[in-house]
1. Could you run through the stretch 107-156 and say how many residues are over 20 Å from G41 (Cβ atoms) and either touching a strand residue (DSSP E or B) at 6+ places or on another chain (Cβ under 8 Å) or of a type in the set (A, V, I, L, M) (or both)?
2. Identify the single condition in (1) of a type in the set (S, T, Y); (2) in contact with a Ser or Thr (Cβ under 9 Å, 6 or more places away or on another chain); (3) within 25 Å of A22 (Cα to Cα) that S97 does not satisfy, given that it satisfies every other one.
3. Among residues belonging to the stretch 1-36 that are closer than 25 Å to K91 by Cβ and among the acidic types (D, E), point out the one that is modelled with the lowest pLDDT.
4. Given the conditions (1) crowded, with 16+ Cβ neighbours inside 10 Å; (2) part of a loop (DSSP other than H, G, I, E, B), and given that A145 satisfies all but one, which numbered condition is not satisfied?
5. Within the bounds of the stretch 79-93, is there any residue that is more than 16 Å from the chain's Cα centre (by Cα) and modelled with pLDDT of 95 or more?
6. Give the stretch 116-126 a look and list any residue that's touching a residue at least 40 places away in the same chain (Cβ under 8 Å) and of a type in the set (V, I, T), or say none.
7. Within the stretch 47-76, track down each residue that is more than 19 Å from D137 (Cβ to Cβ), loosely packed, with under 15 Cβ neighbours inside 10 Å and in contact with a strand residue (DSSP E or B) (Cβ under 8 Å, 6 or more places away or on another chain).
8. Would a scan of the stretch 77-93 turn up a residue that is surrounded by fewer than 18 Cβ atoms within 10 Å (Cβ to Cβ) and touching an Asp or Glu at 6+ places or on another chain (Cβ under 9 Å)?
Amino acid sequence: MVDDNHNQVGEGAPAELSAEEAALARGRQLLAQQPFSVLLGTQLHALSPGAVELHLPLTEKLYQQYGFAHGGVVSYMADNALTYAGGTAMKGMVITSEFKINYLRPGRGKCLIARARAVHVGKSQSVCSCQIFDVQDDGVEKLCAVAQGTIVRMSPREKPAS
């Protein structure tokens, strides 16, 4: 189909992305630039200013000797989610300054989900909270860890060279 200005519209025509879709696409692009995230298979499922949801399918290689998700993998999910939440809230290049995690129960199941949000946002830092769930085979989510962290704006000397 062609409109009055002879532009193709309808099926097959590229649709403009909404602001939310564009942010999610940019977030996925950033995730793809993190070699460790790519190695693990992390997926960005939702992103908005100050909030994020990351998924990580659990494979045998991500478990420790007792058959639970390795604590380092759970911690990675918290760290990355906290940084996404802080970065989108502060709208700039950021890095984790510190974070604390409480492991509540072993992570099992088929997938980990990390949901983080900015709790307080300032000019140079944001404080964010995160909950990490494991997803059972029946789709039930169980809380396995909580984390809180401080995300700081990167200074010009810390920014990577272009």
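1. Total meeting the criteria: 25.
2. (3)
3. E16
4. For A145, the failing item is (2).
5. no
6. The one that is touching a residue at least 40 places away in the same chain (Cβ under 8 Å) and of a type in the set (V, I, T): V121.
7. Within the stretch 47-76, G71 is the sole residue that qualifies.
8. Yes: one or more hits.
The values are calculated or read from the model by the stated rules, or taken from the named source; none is laboratory data. For clarity, every value in this text was computed on a predicted model and none was experimentally measured. For neighbour counting, all protein chains shown are included, and Cβ atoms are generated from backbone atoms with ideal geometry for every residue, glycine included.
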